[in-house]
């Protein structure tokens, strides 16, 4: 089996999390939101990771999540739903892969996008371990 596209595995899992999708629908995108995306939405991408040569197929990824909305409170609400979907999960099967664990690395930070008016986001980072082969 080939090494997984970890972004695809994470995205597929998040699309099964109804508390999150009830809020953002299918607007969970990697690596970034589409231009003129309807809000609220969530974007994410693997920013770095490690592999253990002694345990092949296990990847530990640091993943950046951007929780977007048209005001700060709504962006924070997307973050809260994302947190509920990820924090502390273990042994979740996604297709032929497995998310072994997820834990928040950096708590949500409320930010205002100065380049795109009326876009607010809450930025956070999670460490996600995936059995990828």
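What number, rounded to the nearest 500 deg cm²/dmol, is the helix-based mean residue ellipticity at 222 nm of the chain, given -39500 (n - 2.57) per DSSP H run of at least four residues and division by all its residues? Could you put the intermediate results ahead of the total?
On the way: 3 runs with 31 residues, N = 133.
The helix contribution divided over the chain gives -7000 deg cm²/dmol.
With contacts taken as Cα pairs under 8 Å and at least 6 residues apart, segment 6-131 reaches a relative contact order of 24 percent.
Could you give the distance between the Cα centres of segment 1-76 and segment 83-133, to the whole Å? For segment 1-76 versus segment 83-133, the Cα centre distance is 6 Å. Placing one equal scatterer on every Cα of segment 6-131 and applying the Debye formula, the log10 ratio I(q)/I(0) at q = 0.17, 0.21 Å⁻¹ is -0.81, -1.18. Take the Cα of residue 34, step 7 Å along the line toward its Cβ, and report every residue of segment 72-87 whose backbone nitrogen sits under 17 Å from that point. Within reach of a label on residue 34, which here means backbone N under 17 Å from a point 7 Å along Cα→Cβ, segment 72-87 contributes nothing.
Laboratory data are not the source of any read-out in this text; all were calculated from the coordinates shown. Small disclaimer: the values here were computed from a predicted structure and weren't measured. So basically every Cβ, Gly included, is an ideal-geometry build from the backbone, and we count neighbours across all protein chains shown.
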